[in-house]
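Quick one: this structure, given as structure tokens, is what I'll be asking you about.
None of the figures in this text is laboratory data; all of them are computed from the coordinates on show. Because the structure is predicted, anything quoted here is derived from the model rather than measured. All Cβ positions, glycine included, derive from the backbone under ideal geometry; neighbour counts span all protein chains shown.
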There are 2 protein chains.
Amino acid sequence: MGNSRTNRIDPEPDAPLTGHDAADSSSTVDFEQYRAARITIIEEALGKCVSEPDGAAARLFESMRYSLLAGGKRIRPVLAIAACEAVGGGPRDALGLACALEMIHTYSMIHDDLPCMDDDDLRRGKPTNHKVFGEAFATLAGDGLLTDAFAVLVNMTPVGIAPATTLDAVAGVARAAGSAGMVAGQVIDLLGEGRAIDIADLEALHGLKTGALFVAAAVEGGRLGGAGAAQLRALEAYARAVGLAFQVADDLLDVEASTEQLGKRTHKDSERGKATYPGLLGVAQSHRLARSLLDRANQALLSFDGRADPLRALARFAVERTR
Amino acid sequence: MGNSRTNRIDPEPDAPLTGHDAADSSSTVDFEQYRAARITIIEEALGKCVSEPDGAAARLFESMRYSLLAGGKRIRPVLAIAACEAVGGGPRDALGLACALEMIHTYSMIHDDLPCMDDDDLRRGKPTNHKVFGEAFATLAGDGLLTDAFAVLVNMTPVGIAPATTLDAVAGVARAAGSAGMVAGQVIDLLGEGRAIDIADLEALHGLKTGALFVAAAVEGGRLGGAGAAQLRALEAYARAVGLAFQVADDLLDVEASTEQLGKRTHKDSERGKATYPGLLGVAQSHRLARSLLDRANQALLSFDGRADPLRALARFAVERTR
């Protein structure tokens, strides 16, 4: 992805069209190339984050690697790097943040899947961590990934970045992932099962459970890339919209896609009595909501130049993905 | 506690003697005053670390507060502050570190007590977290405390401390608590139950499970207080010895003390087939080991002045405590 909208890489002639206009299609192709390239450096770095230092606790590392290196969309780490690049940073300026966020996201899935929580057997097409390693190891693998994430954030962030900036990123990630952020969202989700909640409650829930880490990715990624205060506010508004759009899309996929397609059990939300966007708004209205959130995300980036094109494309990916 | 050994506060006339000489007794009285004063500021600060920002997830905070504010010896946070003061820092320079370490220690106990781990019902004389709040909340309260600890470490450390120093402390704490430290120790502990392990294995286990956080308390506390490289090495040697002595004392208490005295179930190590120091060395030899570790801790501090007296007294407290 170039420095402005004008030097965008041309789409490959045989690139699949997605039903949108040619400009959209071009952007999609660009983004797939961008995303693949960023995922390559992210996954290489993630592998190093869970390489065991010595022979002790080998099974712990096996358990951590099983979930962390299981593929997945890598949307949070790509978002962190794209936000950093959108304001002029290099991809490696946000690589420590990217890995930390993916480790935190992975820990949260391992713990959420535990029998005492959502009790899920399948994740990304594979048995969940506790089905393979047992509950004790799944608990500890989650604990290890969460803790190590903060060491990775500090140690993998380039020394050229001001320590005060990295420190702000540490605090921002901890706040987003902790008891006033993602963990609170998980609690509200647990307590809400089977209860009547309205669309405002659902937005608040997802703002914590999913949105907080999206916002941390965009804002702390931007911060590490050298964003000013106005840019940070814009990135926050962008990420709030994308995080929610991502969740609306998730709910729609749970209704519309197959277990094979998603690699996890579908229709589980309704079975469990969880409130969803399609459940509250209907499928058609949920699609409209996702589209309007996508517009809101793009509006937030109006003052950004072509370096923010990956962020724009990522917003569309969050809504239009098929898994 | 004064700035040198000469201006030590006189013992109260009716201070209980502990069977050692008068100088020892004086030091014990001083330390109890020092410890009580430091615990006061630590517990006041901990209360603020788990004050809920709004009405959402109230039960999560109740669960976190239940375990974090349940008293306890507070040995790690006192150690962090004492190490900071031993090299000339003020107590509040290490208060963020102290709270972070106690939050991490508390999370590790909540998760260790879970049915899938050690399955304990009693902790500090009260039902364990999951017995009161259920397994899901206990898991999430632990996750919240662990994550929030890093925000507290950053946000409660005074702005006068160089960001690069605080960043080193973040990395040090994460490394000590993570998959190459405390979590690895827990894994080795779980895997070792019922297996034959020797005294070297046991020392390695406790070096990770208990020692790593003790070392982080002393080294990062010293760092925040302005310690030089030689002082940091001395504090590390001190803390390794104290951490191990603390564990030997713990094993001895499990054999010699009552459930009422400890506020947790005793004799559980042997019932569970866990290796212990008394089990491997016998009771008398274990007492001698604890005493020699105490000597080693004091040796490490030979170049420190009277400001390290609380560290010296803390080492003795780790060995001679009765709960």
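Shape verdict for the protein assembly as shown, please, from the Cα gyration tensor: rounded (a/c under 1.5), prolate (a/b greater than b/c) or oblate.
Numbers: a/c = 2.25, a/b = 1.78, b/c = 1.26.
Cα axes put the protein assembly as shown in the prolate bin.
In addition: Applying a 10 Å radius around every beta-carbon, put A:312-320, B:241-249 in order of their mean neighbour count, most first. The partial results should precede the final answer.
Numbers: A:312-320: 21.4, B:241-249: 25.3.
Top of the packing list down: B:241-249, A:312-320.
Compute a Gaussian network model of chain B, connecting alpha carbons closer than 10 Å, and tell me which residue from B:Leu97, B:Leu146, B:Leu280 fluctuates the most.
B:Leu280
At 4 °C and a viscosity of 1.567 mPa s, what translational diffusion coefficient does Stokes-Einstein give for the stretch A:18-320, taking Rh as the Kirkwood radius over Cα pairs? Give it in µm²/s as a whole number.
Numbers: Rh = 19.5 Å.
Answer, rounded: 66 µm²/s.
A further question follows. Taking springs between alpha-carbon atoms closer than 10 angstrom, which of B:Gly71, B:Gly144, B:Gly178 fluctuates most in the Gaussian network model of chain B?
Sorting by GNM fluctuation, first place goes to B:Gly71.
For the stretch B:65-222, just say rounded, prolate or oblate: build the C-alpha gyration tensor, square-root its eigenvalues into a ≥ b ≥ c, call rounded for a/c under 1.5, and beyond that prolate if a/b exceeds b/c, oblate if not. Could you put the intermediate results ahead of the total?
Details: a/c = 2.08, a/b = 1.39, b/c = 1.50.
Since a/c reaches 1.5 but b/c is at least a/b, the shape of the stretch B:65-222 is classed as oblate.
Considering every residue in B:107-119, what mean count of other chain Cβ atoms within 10 Å of its Cβ is obtained? Spell out each step's value before the answer.
Values: counts 3, 2, 0, 0, 6, 3, 0, 5, 3, 11, 4, 1, 0.
The per-residue average across the peptide is 3.
Also: Mind ranking A:117-124, B:147-154 by how tightly packed they are, going by the mean number of other C-beta atoms within 10 angstrom, highest first?
So the peptides A:117-124, B:147-154, ranked by packing, come out B:147-154, A:117-124.
Could you tell me which of the pairs A:Lys73/B:Lys209; B:Lys209/B:Lys274; B:Lys73/B:Lys209 are separated by over 24 angstrom between their Cα atoms in the structure shown? Provide the component values of the computation, followed by the final result.
Working: A:Lys73/B:Lys209 35 Å; B:Lys209/B:Lys274 14 Å; B:Lys73/B:Lys209 17 Å.
Among A:Lys73/B:Lys209; B:Lys209/B:Lys274; B:Lys73/B:Lys209, the Cα-Cα distance tops 24 Å for A:Lys73/B:Lys209.
Using a Gaussian network model on chain B with a 10 Å cutoff between Cα atoms, which of B:Lys274, B:Lys48, B:Lys209 fluctuates the most?
The residue with the greatest mean-square fluctuation here is B:Lys48.
Further question on the same structure: From the square roots a ≥ b ≥ c of the eigenvalues of the alpha-carbon gyration tensor of the stretch B:51-133, which class results: rounded (a/c under 1.5), prolate (a/b over b/c), or oblate? Each step should come with its number before you reach the end.
Values: a/c = 2.98, a/b = 1.63, b/c = 1.83.
It comes out oblate by the Cα gyration axes.
What is the distance in Å between the Cα centroid of the stretch A:166-206 and that of the stretch B:139-197?
Rounded to whole Å, the Cα centres lie 22 Å apart.
Only helices at least 24 Å long along their own axis, judged from Cα atoms, and with Kyte-Doolittle mean hydropathy of 0.0 or greater: name those in chain A from DSSP H.
A:95-112, A:135-156, A:229-256
Starting from the Cα coordinates of the stretch B:274-323, work out the convex hull volume and express it per residue in Å³.
Numbers: hull volume 4.2 nm³, N = 50.
Value for the stretch B:274-323: 83 Å³ per residue.
In addition: Grab the beta carbon distance between B:Asp121 and B:Arg321, set R0 = 22 Å, and tell me the FRET efficiency rounded to 0.05. Mind showing how you got there, number by number?
On the way: r = 23 Å, r/R0 = 1.05.
The formula returns an efficiency of 0.45 here.
Along the axis that rotates chain B into chain A, which residue of chain B has the nearest beta-carbon, and what is the gap in whole Å?
Measuring from each Cβ to the axis, the minimum is at B:Pro163, 2.
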